[in-house]
Every structure is written in C-alpha cells, then in structure tokens.
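Written out below as structure tokens is the structure these notes cover.
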Amino acid sequence: MKKYLIILFCMAFILAFSNSAFAKNDKQQCTTIQSGELFNSADDVITTGYDEWGYNYQAHLFNGMYCDSYRDAAWCQEYTDVELLMKWNDAWMSNKDCDGDGLLDKHYGYNSYIGSGAWLTNHQSGWVEVNGKMLKWTYFTKIVAAPADAHVKGGYWYTIDGIEIGAVLWEAFAIIQEISNDPSSGEHGLN
C-alpha cells in the first residue's frame, strides 16, 4: 500500500511540476504590458493603468470622450462632447502579445475575428438642448464576432440553424443589442 502511495505521490508531483513548467513556458512566449515592450496603434509604449486618451489596455477598458477613443481624429470633432465607456474581451484585443509582433493580440489563434468569440460593449452618453432645457441621452450597444458557421443574408448574420444574430457590422461582427434613451427624439429602450 505504501508503495502505491509513493508512486501516486511521485506521479502527482511530476504532473504538477510539468504543468507548472508548461505554464511557465506559455507565459514566457507571451509579452505582457508590464514588460514595457508593447505598443499601441500610435506607436506609443503601452503601460498599465489609463493612458492620456482614456485607454486601460490591461483592464480591457476605455473611459473618456468619444473622439479621444480615436485620438482626436478630425472626422469625429462633432462628437467631442460624447462620453464613452468601452469594455472588451481578450479575443477582441488581448492585454498580451503572443504572436511576437509587438502589438496586443486581436483574435489570437484565429485568421480573423469570425469564430473567435470576440465582443465589445459601448456605453455612450451626452446632453442635448431642447427648448432651453438640457436633457441627457444614453446609448448602449453590444457587438460580437460572428460564429464560424454563421452566414449573412440581407445585411444580417444568421446561425447555421437560421436564427438571426444581428446586423452586420465591419463584415465580421454582429450588433446583438442596442438600447437608446433620448428624450429629445422620443427613443426609449431596445432598438
């Protein structure tokens, strides 16, 4: 009996050691934000916490103004007063670089976003003046990557079983939920 316990203990130890060694190798293959070696789309080094624009890549968050999410691009100037909170998962944009290109991974392990399980939420809000009174509006949307076996018909993604997923966005994504509350236009609830 002792012999079997010793063998069992040794096997458990070897298994635990080999699993931690594999985990260590996986971690060594991926570069993290903490390394100071990863860059954003503007070629700035990514750090932990919020950057000057409102991105916290480590936490998968953006919290700031709409135009700041596009680094104050000229085309979005009419939206400079819109507040924006974005959240996303690893498949949308990871907080690591595992493919060695020096950038945060997007749809890692997939040729495109399709089938990756990526998702993003946008929470927007602002103010509109109606008859001299300021009214707050809010808008929420959730966007998901289309499943690998989905298909497009008439501008909408559908499951393999023909169930509507949502409107096509940026070719690989579907808008699965939109909620708009705008007292100036009478919008209230799900769109």
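Here, each number is a calculation from the coordinates, and none is a lab measurement. On a predicted model such as this, the values are computed, not experimentally measured, just so you know. We place every Cβ from the backbone using ideal geometry, glycine too, and count neighbours over all the protein chains shown.
In table form, for the structure just shown:
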item: Ranked list, fewest to most other Cβ atoms within 10 Å of each Cβ, for PHE173, PHE39, PHE140; result: PHE39, PHE140, PHE173
item: Electrostatic dipole magnitude of the chain [Cβ: Lys, Arg +1; Asp, Glu -1; Cα centre; debye, to 20]; result: 1140
item: Exposure proxy order (Cβ contacts within 10 Å, fewest to most) of TRP170, TRP119, TRP127; result: TRP170, TRP127, TRP119
item: Choice from ALA74, ALA59, ALA174 with maximal GNM fluctuation in the chain (Cα, 10 Å cutoff); result: ALA74
item: Above-threshold pairs, the threshold being 26 Å between Cα atoms, out of LYS96/LYS136; LYS87/LYS136; LYS96/LYS142; result: LYS96/LYS136
item: Built amide H within the under 5 Å cut-off of TRP137, gap 5+; result: GLY126, TRP127, VAL128
item: Computed helical MRE - 222 nm, the chain, DSSP H runs ≥ 4 contributing -39500 (n - 2.57), nearest 500; result: -5500 deg cm²/dmol
item: GluC sites (Glu not before Pro) within region 120-191, DSSP loop, no more than 16 other Cβ atoms inside 10 Å; result: GLU171
item: Region 123-191, relative contact order in percent, only Cα pairs under 8 angstrom and at least six apart counted; result: 28
item: Estimated FRET transfer efficiency when R0 is 35 angstrom, pair VAL45-VAL128 (beta carbons, to 0.05); result: 0.35
item: Förster-model FRET efficiency, 25 Å R0, ASP81 and GLU187, C-beta, rounded to 0.05; result: 0.85
item: Long-range amide H partners of LYS96 with built H, under 5 Å; result: ASP105
item: Length-normalised contact order of the chain in % [C-alpha pairs under 8 Å, at least 6 apart]; result: 13
